[in-house]
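One structure is given below, encoded as structure tokens.
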Amino acid sequence: MEMKITVSCPTPNRCTLLILVLFSFAASPLHASLSFNFYASSCPTAELIVSNMVRSASSSDPTIPGKLLRLLFHDCFVEGCDASVLLQGNGTERSDPANTSLGGFSVIDSAKRMLEIFCPETVSCADIVALAARDAVVTAGGPAFEIPTGRRDGRISDAANVRSNIVDTSFTMIEMIRLFNSKGLSLDDLVTLSGAHTIGVAHCNAFSDRFKMDSKGNLTLIDTSLDNTYAKELMKKCPSGSSASKTVNNDPETSFAFDNQYYINLLGHKGLFQSDSVLVEDERTSARVETFANDQETFFRSWRDSFLKLTTIGVKTDDEGEIRQSCSFAN
């Protein structure tokens, strides 16, 4: 299918960035019905409204960017980027235990309510989720770039589809490669998108497999790939019997900044999850980890390319979906 894209250039720098993204978009196997500036005529303020909501929410709660980014991953990896994770009800994706700790829903709902006032039944929840995640990264200090829009909202949301389609923190490299490949993502995408862990928080039980309880009820380290000092810090923050709601920062150094510190942490054996640590232990990915640790701009460029691919997994367009009036319920 041929796709024509019109580029408007408010400033020379912005035009250069958009052209770079267009080349990346054209070189990737993305959905042909998506386009840049999709809402230019139907809702020209759509992206600005979403951006303002993200920025406002993040200013009062610095954990919001990490929540919005995680929400996107859990949406796109199950049924594609169609906002199916937002649907409420028994047996939906959102009701699955793996998704009960997701956050950021209020930001998406607020943006949708505002968009329904200015542009009724026009902007999809799926696009809002993708744009909000993109803007969340920018708010946290990450790279800014254009993404295509035009996604429609899915009508199917089944909890049974969740577990087999999202990364478990205890995954081996083989398991992660298999899952990412099934989504059309490469090994380089795997390393790059794992950089999302440079922001956000994790519940203690997400990395409890790296420790064991001794006869006195105290935790001891069993994963020798983890830095001993860092392990002691984790055991102090998440002692045996910790509340299920207890969390720690994914990145212990620059917790709320989207940067390359995650990869520096990996080289120092301070990856929070087993699925993080394997990236530096495996010879197929260790060199890329080192590159990102040494050069943040290279990471940012790779993030842009991989994010574009992530946000076009299994998208629904035209009559494949709908434009929900409320993100929590199908029409």
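Quick rundown of the values:
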item: Flag if PHE73 is within 14 Å of CYS327 (Cβ to Cβ), open to solvent by 20 Å² or more (accessible area, probe 1.4 Å) and modelled with pLDDT of 95 or more; result: no
item: Counted residues, the range 125-147 - those being over 16 Å from SER58 (Cα atoms) and either touching a Ser or Thr at 6+ places or on another chain (Cβ under 8 Å) or among the basic types (Lys, Arg) (or both); result: 3
item: Candidate set: the range 308-331, residues that are acidic (Asp, Glu) and open to solvent by 30 Å² or more (accessible area, probe 1.4 Å); chosen: the one modelled with the lowest pLDDT; result: ASP318
item: Cross-chain or 6+ apart pairs with Cβ under 9 Å, the range 145-164 first and within 18 Å of PHE329 (Cα to Cα) and open to solvent by 60 Å² or more (accessible area, probe 1.4 Å), then outside any loop (DSSP other than H, G, I, E, B) and modelled with pLDDT under 95; result: ARG152/ASP318; ARG152/ASP319; ARG152/GLU320
item: Any hit, the range 293-308, residues being of a type in the set (S, T, N, Q) and more than 21 Å from the chain's Cα centre (by Cα); result: yes
item: Among (1) under 23 Å from GLY66 (Cα atoms); (2) surrounded by fewer than 21 Cβ atoms within 10 Å (Cβ to Cβ); (3) out of contact with any strand residue (DSSP E or B) (no Cβ under 9 Å at 6 or more places or on another chain), the one test that ALA196 misses; result: (2)
item: Pair list, Cβ under 8 Å, 6 or more apart: the range 181-196 residue farther than 23 Å from THR254 by Cα, other residue open to solvent by 20 Å² or more (accessible area, probe 1.4 Å) and basic (Lys, Arg); result: GLY184/LYS309; LEU185/LYS309; LEU187/ARG284; ASP188/ARG288
item: Single residue of the range 78-92 satisfying the filter (crowded, with 24+ Cβ neighbours inside 10 Å and not aliphatic (A, V, I, L, M)) that is nearest to the chain's Cα centre (by Cα); result: CYS81
item: Residues that are open to solvent by less than 20 Å² (accessible area, probe 1.4 Å) and over 19 Å from LEU71 (Cβ atoms), drawn from the range 165-181; result: MET173, MET176
item: Some residue of the range 105-122 being modelled with pLDDT under 95 and open to solvent by 10 Å² or more (accessible area, probe 1.4 Å); result: no
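Here is a yes/no grid of residues against (1) modelled with pLDDT of 95 or more; (2) farther than 20 Å from HIS203 by Cα:
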residue: PRO239; (1), (2): no, no
residue: LYS246; (1), (2): no, no
residue: ASN249; (1), (2): yes, no
residue: THR254; (1), (2): yes, no
residue: ASN265; (1), (2): yes, no
residue: ASP282; (1), (2): yes, yes
residue: ASN294; (1), (2): yes, yes
residue: THR298; (1), (2): yes, yes
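Rundown of residues vs (1) within 21 Å of THR285 (Cβ to Cβ); (2) open to solvent by 60 Å² or more (accessible area, probe 1.4 Å); (3) among the aliphatic types (A, V, I, L, M); (4) in contact with a Phe, Trp or Tyr (Cβ under 9 Å, 6 or more places away or on another chain), yes/no style:
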| site | (1), (2), (3), (4) |
| --- | --- |
| ASP188 | yes, no, no, no |
| MET213 | no, yes, yes, no |
| ASN218 | no, yes, no, no |
| ASP223 | yes, no, no, yes |
| ASP227 | yes, no, no, no |
| LYS236 | no, yes, no, no |
| SER255 | no, no, no, no |
| PHE258 | yes, no, no, yes |
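The values are calculated or read from the model by the stated rules, or taken from the named source; none is laboratory data. What you see is a predicted model; the values in this text were computed from it and never measured. Cβ atoms come from the backbone with ideal geometry, glycine included; neighbour counts cover every protein chain shown. Surface accessibility is based on the protein's heavy atoms, side chains included, excluding ligands, DNA and RNA. Shrake-Rupley method; radii C 1.70, N 1.55, O 1.52, S 1.80 Å.
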